1. Go ahead and estimate [θ] at 222 nm for the chain from helices alone: -39,500 (n - 2.57) per DSSP H run with n ≥ 4, summed, over the residue count, rounded to 500.
2. How far, in nm, would the chain grow between residue 31 and residue 3 when pulled straight, counting 0.36 nm per residue and subtracting the alpha carbon separation?
3. Assuming 0.36 nm per residue, please report the length gained on full extension of the stretch residue 23 to residue 71 beyond their Cα-Cα distance.
4. In percent, how large is the relative contact order of the chain, given Cα pairs closer than 8 Å and 6 or more residues apart?
5. How far apart, in nm, are the 7 Å Cα→Cβ label points at residue 78 and residue 58?
6. Which whole-number value in Å³ per residue fits the convex hull of the alpha carbons of the chain?
7. Within a 10 angstrom radius of the beta carbon, how do 43, 66 rank from fewest other beta carbons to most?
């Protein structure tokens with residue numbers, strides 16, 4: 001995650017993409033449950049990783065995350 005933040009600092013538009021896409025992944029009614037953070041459910045992330053890579057324990061590389069963020073941006077514009 002630190003490498004992704006470093007990459008976003010070099011490319012400020014990437015930071016904006018991270019916030020936008022991260023907001024779409026948030027848990028419903030996140031403001032009603034402790035710790036009151038708009039983070040996705042762990043089960044959902046595991047499912048997304050499993051469908052993308054066939055292994056929910058795999059951590060995507062920073063390049064793979066950047067490709068996904070740019071794809072999500074293009075898909076949102078349609």
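1. Per the formula, -20000 deg cm²/dmol.
2. 7.2 nm
3. 15.7 nm is the gain from fully extending residue 23 to residue 71.
4. The normalised contact order for the chain reaches 26 percent.
5. 2.3 nm
6. Per residue, the Cα convex hull of the chain comes to 114 Å³.
7. 43, 66
A short reminder: the numbers here are calculations on the coordinates, not readings from a lab. Since this is a predicted model, take the numbers as computed values, not measurements. Glycine gets a Cβ as well: all are built from the backbone with ideal geometry, and neighbour counts include every protein chain shown.
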